[in-house]
Amino acid sequence: VQLQASGGGLVQAGGSMGLSCAASGRTFSDYAMGWFRQAPGKDREFVAGITSTGSTYYADSVKGRFAIGRVNTKSTVVLQMSSLKPEDTAVYYCAAARYTTVQAMALTGAMDYWGKGTLVTVSS
């Protein structure tokens with residue numbers, strides 16, 4: 001699976017931004033999808049995940065502010081971010097896994113395929 005994330009950029013604190021990840025190469029609907037992020041000087045962390053059937057799971061730090069969704073007919077997963085904070089500044093990565101749960105995704109970060117990241121910068 002090839003993954004291409006887009007939509008990053010600069011936004012002011014309190015603002016909103018949407019990220020998109022286009023997948024190709026395999027049957028998209030077979031895969032659970034996740035968004036992860038890595039802030040400068042920090043380890044990569046789980047942000048949000050969605051199963052092939054649409055069940056979602058979020059990191060506590062983004063719950064209520066971020067929403068993940070997928071459109072299987074377009075092989076796309078999106079992350080809508082609102083009420084952004086400076087601590088949300090990071091490189092955001094989308095990833096795919098064939099056999100996982102969103103909880104395992106959050107705990108282990110073990111995914112089969114990773115896209116190149118897109119930088120989100122939230123200014124204060």
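The values are calculated or read from the model by the stated rules, or taken from the named source; none is laboratory data. Everything numeric here is computed off the predicted structure, so don't read it as measured data. Cβ atoms come from the backbone with ideal geometry, glycine included; neighbour counts cover every protein chain shown. Accessible surface is based on the protein model in full, side chains and every heavy atom, while ligands, DNA and RNA are left aside. Shrake-Rupley method; radii C 1.70, N 1.55, O 1.52, S 1.80 Å.
Values for this structure:
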| read-out | value |
| --- | --- |
| DSSP-assigned coil residues among trypsin sites (Lys or Arg not before Pro) in the stretch 15-124, each with at most 13 further Cβ atoms within 10 Å | Lys42, Lys63 |
| Spatially proximal aspartates and glutamates relative to Lys74 (Cα-Cα < 17 Å; intrachain offsets below 8 disregarded) | Asp30 |
| Under 18 Å from the Cα of Lys116 - lysines, other chains or at least 8 residues apart | Lys42 |
| Net charge contributed by nearby residues that have their C-beta within less than 12 Å of Thr51 (K/R +1, D/E -1) | +1 |
| Portion, in percent, of the accessible area of the chain that falls on carbon or sulfur, probe 1.4 Å | 48 percent |
| Coil-residue chymotrypsin sites (Phe, Trp or Tyr not before Pro) of the stretch 19-124, DSSP, other Cβ within 10 Å capped at 11 | Tyr99 |
| Net charge of neighbours whose Cβ lies under 15 Å from the Cβ of Ala32, counting Lys and Arg as +1 and Asp and Glu as -1 | +1 |
| Probe 1.4 Å, accessible area per residue of the chain, Å² | 50 Å² |
| For the chain, share of DSSP beta bridges that run antiparallel, in % to the nearest 5 | 90 percent |
